[in-house]
Every structure is written in structure tokens, then in C-alpha cells.
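In what follows, a structure is listed as C-alpha cells, so that the remarks can point back to it.
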Amino acid sequence: MTILVTGATGQLGGLAVRHLLDRVPAGDLAVSVRDAGKAADLAARGVAVRRGDFADPASLDFAGVDTLLLVSADGPDDLRIAMHANAIDAAERAGVRRVVYTSVVAADTSPLALARVHVATERRIRASGRAFTILRNGLYHENYTAGLPGALDRGALVTATGEGRVASVARDDLALAAAIVATGDGHDGRTYELTGDRAWSFDELAEAAAEVAGKPLPHKSVSGGELRAGLLAAGLPEFVADLLADIDAGIRADALSTVRPDLADLIGRAPAPVEQAVRAAL
Ligand SMILES: NC(=O)c1ccc[n+]([C@@H]2O[C@H](COP(=O)([O-])OP(=O)(O)OC[C@H]3O[C@@H](n4cnc5c(N)ncnc54)[C@H](OP(=O)(O)O)[C@@H]3O)[C@@H](O)[C@H]2O)c1
């Protein structure tokens, strides 16, 4: 009963493989990765490493796979939709029984531009005739805690989130949920909304960071346009600056603050709070 994980040389997929290795023998696991060299540690542990690039349909080999954990790829939206469709085509060709897909929280009602990718991919999965589970992942705590050392150096946490709140999640809790779903029964046809158990504001995040660092950190909320200009000036590609400004607008509009019980129900405990990620980052 092979479980194959894509994106396994990335952060979420890598953590999911680690949780899977706690649950099933390595011989039951496979990964599909662009660069097999980056998965040498997994190969050494007995995980089958297959080379596959979503952009190259012929490279995607899901033969003998029971459950495909399809970790969404990154890039411009239309490319992501096409790449995910390539992966689902390959799953159909190989007769994969079940697809578990990492979507985004509230994909069907979300005002975020990136939700379009996930709505299209979820629809493609439903049309594939495979059993499926949709993991609608909340935003990672780490998206926000990774920037805290730099914010402390600069003396301000700059966002365009206003007073908005976000019910973010530890990436590792999402990886654990993915491993539990991939190895468990009763998840076919289910869509899980995976959020943290508290929605926090960026004033609170700055306060938590200031407390850990022992120095003041004000939160400064700017307009979306100012944020985007700052990100472009810092050298980010345009599609990334647009994506980040759009997410901040979603947070400002409180579109990402809904707390749902699904994650705690799946992992059997309260999700890790953002303060834990703050301490890990500093
Ligand atoms: N919920 C959130 O807050 C959040 C934040 C950021 C991203 N995401 C989404 O969640 C996904 C997983 O997050 P993450 O933190 O693990 O991101 P990550 O560390 O950037 O990992 C992304 C993975 O996707 C793989 N990938 C990209 N293009 C591919 C292609 N053409 N063919 C095959 N694999 C490809 C990458 O392969 P390589 O290892 O070869 O680069 C990498 O392993 C992201 O890709 C993105 O779709 C969610």
C-alpha cells in the first residue's frame, strides 16, 4: 500500500514524510521530487525516490501508488493550475486510488486571489474519479515568524493587515494532519478546514516578539500599495509581492480569522500556538 508524497524536498512535504515514517515502514513510502539528490537522506532510510516535475507530465510516475499526497506547488497561478492538473492526470493514468491534496482554508469562499488555484485543483480532483481528501490548510505561523528577526533589526513590524486577525497554524501540525489522513481510514470525500485555535492580530505578534527579544517592536500597518512597493524594492518577484499584499488585504478584512475544530480533531490535541513559533524563530 504505497503512499507517495510530492514536494517532499520542500518544508511541508518533508515534515509530512517524517510523520509518515513514524507510522508506516519506509518501504511503504515513495516521494516524487524534482531533484533526487535533495532526497538522498530519504533514499538512505529506504523511501523510494522517483524523479518528477509537475511541469513535465511524462516525468510523473505514480505507478503502484494507493494514496497520493499532492502538496501544492508554487509559482504564478495559471502555471500552478496546469501543474496540478498534470499531477492529477498522472494519478488517473496510474490508477491511484486516493488523492490527498493540500488546498487553502475556505478555498470556495475566500477573497484571496490564490484561492483560484485551489478551487480549480479541487474541482479537477473531484472530476478524476479518485477517492479524495481535501486538506484546506490555514496560513503557516512561520510565514509571519520568519520575518521577526529582520523586523527587530529594523525596529518595526511592517504589514498591511491593520487590526485584522489570522487563525494561522504551525506548518508541522499541518504535516502531522496530512500524515494522519494519508495513513487513516474514514477520510474519503472529506474536506477539512485546518486552522489554529485562536486568531491573533499583528499588534499581538509584535508584542509577543518584543517580549521574547527583550526590546520594543511596534507594529506599523501601511497601505497595500506601500507594502507592495516595499516588497518590490526589496527584490521580490512581482507575483510574490502581489500575493503577499493580497493576503494582507484578506487578513485586514478578517477573511482569515475563522477558527475551526478540524485540525485539533485530526491530531488529537490543541494546535501549537503562534507564541511557540515566535520563540522558535528568535
Ligand atoms: N499555507 C501557507 O501559509 C502556505 C505558504 C506558502 C506556500 N504554501 C503552499 O503550500 C505548499 C507547501 O508549502 P511549503 O512550505 O512546503 O513550500 P516549499 O518549502 O516551497 O515547498 C514547495 C515544494 O513544491 C515543490 N515543487 C515546486 N514546483 C514543482 C514542480 N514543478 N514539480 C514538482 N515539485 C515542485 C518544490 O520542489 P523543490 O524542493 O524541488 O523546490 C518543493 O518541494 C507550497 O508549495 C504552496 O503551494 C502554503
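Quick note: the coordinates plus some simple rules give every number you see, no bench work behind them. No experiment lies behind these values; they were computed from the predicted model shown. No Cβ is skipped: glycine too gets one built from the backbone with ideal geometry, and neighbour counts run over all protein chains shown.
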Residue list for the range 1-28, filter: under 20 Å from the mean Cα position of the chain (by Cα), hydrophobic (A, V, I, L, M, F, W, C) and more than 7 Å from the ligand (Cβ to nearest atom): Ile3, Leu4, Val5, Leu15, Ala16, Val17, Leu20, Leu21
Count of residues meeting criterion [of a type in the set (S, T, N, Q) and outside any helix (DSSP H, G or I)] in the range 136-175: 4
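When you look at Val31, is it among the β-branched types (Val, Ile, Thr), on the phi < 0 side of the Ramachandran plot, more than 10 Å from the ligand (Cβ to nearest atom) and surrounded by 13 or more Cβ atoms within 10 Å (Cβ to Cβ), yes or no?
no
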Tally of residues being in a helix (DSSP H, G or I) and more than 18 Å from His118 (Cα to Cα) across the range 176-200: 7
From Ala199, Ala213, Ala272, residue being among the small types (Gly, Ala, Ser), touching a residue at least 60 places away in the same chain (Cβ under 8 Å), in contact with a helix residue (DSSP H, G or I) (Cβ under 7 Å, 6 or more places away or on another chain) and under 26 Å from Ala175 (Cα atoms): Ala272
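Run down Ala253, Ala206, Ala270, Ala233 and say which single residue is crowded, with 18+ Cβ neighbours inside 10 Å and either on the phi > 0 side of the Ramachandran plot or of a type in the set (Gly, Ala, Ser) (or both).
Ala206
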Members of the range 167-184 that are within 19 Å of Pro261 (Cα to Cα) and away from the ligand (no atom under 16 Å from the Cβ): Ile180, Gly184
Helices (runs of 4 or more DSSP H) wholly inside the range 201-282 that include at least 1 residues being in contact with a Phe, Trp or Tyr (Cβ under 9 Å, 6 or more places away or on another chain) and of a type in the set (A, V, I, L, M, F, W, C): 202-213, 238-252, 262-267, 274-281
Residue, farthest from Ser110 (Cα to Cα), within the range 129-166, restricted to residues that are within 12 Å of the ligand (Cβ to nearest atom) and crowded, with 22+ Cβ neighbours inside 10 Å: Thr145
